[in-house]
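The values are calculated or read from the model by the stated rules, or taken from the named source; none is laboratory data. Since we're looking at a predicted model, the values are computed, not measured. Here the Cβ positions follow ideal geometry from the backbone for every residue, glycine too, while neighbour counts run over all protein chains shown. Heads up: the accessible areas ignore ligands, DNA and RNA and are worked out on the full protein's heavy atoms, side chains in. Shrake-Rupley method; radii C 1.70, N 1.55, O 1.52, S 1.80 Å.
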Amino acid sequence: MTQRPDAASAEMNSISKSNGSGIGAPVIELSGIHKRYGQLEVIKGVDLVARRGDVTALIGSSGSGKSTLLRCVNLLEIPQRGEVIFQGEPVRWRGEDSSRRPADAAQVRAIRTNLSMVFQQFNLWAHLTVLQNVIEAPITVLGRERNEAAEFGRSLLAKVGIGDKCDNYPSQLSGGQQQRAAIARALAMEPAAMLFDEPTSALDPVLQGEDVRVIKSLAEEGRTMLIVTHDMKMAHDVANHVIFLHQGVIEEEGPPEALFSNARSQRLQQFLAATGA
């Protein structure tokens, strides 16, 4: 049986969070990523390494390329140039430039199975209950037995604070509860890494706090996460490495304490001042 996240957390916590410390095996590696739409180049040669246990926050103004870069990780967007490496295995390509595509569909499925993405707008299935949303992929993709998947799903919903909402439909939940249901659904795949695209931007400030606490608790378990966010407090409190993107390039990166208290780049200083960080 696959090791459950709760059983794995002790082992994961024994590995130091490491962006910059060199400890821990790389889970996600991007090398020389370029992405354009027509003549508009959105990503211009970005390198990124997320090691096991790293929580990396991608920050920057709207249009800086954060979400596009995140989508390149799980191949929802295909970079025209550069390498995507997941757990040491490079994505195999065919074609070049605008005709470039992954060469191995089975490899793409394996990557996406092990990279759970939590979308900004939740993307829950409206016709399924919350529990059914959580267990559908483990049953159909991983081949889990339904009773086992349901038991695990209930434990995950309790973990994110909505254990009493198993039989509700998404429309009966608040925005924050829907986001936590989406997080539970992502956890149900027992991924090697989690990707978050603006996890709190669709929520009002009152609802953001609980969701941030859930994400922080996942970080404290030693999970590998990439988080695109405009929430500077979350980036500071949750991440161990922050990347500031400006017009498709990494302008500055480092530990949150250094970036937020002693930004070297004038653009980062201006961005932080504008966001009140």
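Below is a table of values for the structure above.
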quantity	calculated
Among the candidates VAL134, VAL55, residue that is of a type in the set (A, V, I, L, M) and free of Cβ contacts under 8 Å to residues at least 60 places away in the same chain	VAL134
The range 157-180, residues that are in a helix (DSSP H, G or I), closer than 26 Å to MET232 by Cα and open to solvent by less than 10 Å² (accessible area, probe 1.4 Å)	GLY176, GLN179
Selected residue (criterion: most open to solvent (accessible area, probe 1.4 Å)) from residues of the range 52-102 that are part of a loop (DSSP other than H, G, I, E, B) and among the basic types (Lys, Arg)	ARG92
Residue in the range 181-200 that is under 25 Å from CYS72 (Cβ atoms), part of a helix (DSSP H, G or I) and among the basic types (Lys, Arg) present	yes
Residue check for ILE33: in contact with a strand residue (DSSP E or B) (Cβ under 7 Å, 6 or more places away or on another chain) and either farther than 20 Å from PRO102 by Cβ or in a strand (DSSP E or B) (or both)	yes
Residue list for the range 103-126, filter: without any contact (Cβ under 8 Å) to a residue 40 or more places away in the chain, in contact with a strand residue (DSSP E or B) (Cβ under 8 Å, 6 or more places away or on another chain) and outside any loop (DSSP other than H, G, I, E, B)	GLN107, VAL108, ILE111
Residues of the range 127-146 classified as of a type outside the set (Gly, Ala, Ser) and either open to solvent by 60 Å² or more (accessible area, probe 1.4 Å) or not in a helix (DSSP H, G or I) (or both), total	11
Residue within the range 114-126 that is within 15 Å of LEU30 (Cβ to Cβ) and crowded, with 20+ Cβ neighbours inside 10 Å present	yes
Selection status of ALA219, within 17 Å of SER62 (Cβ to Cβ) and in contact (Cβ under 8 Å) with a residue 40 or more places away in the chain	no
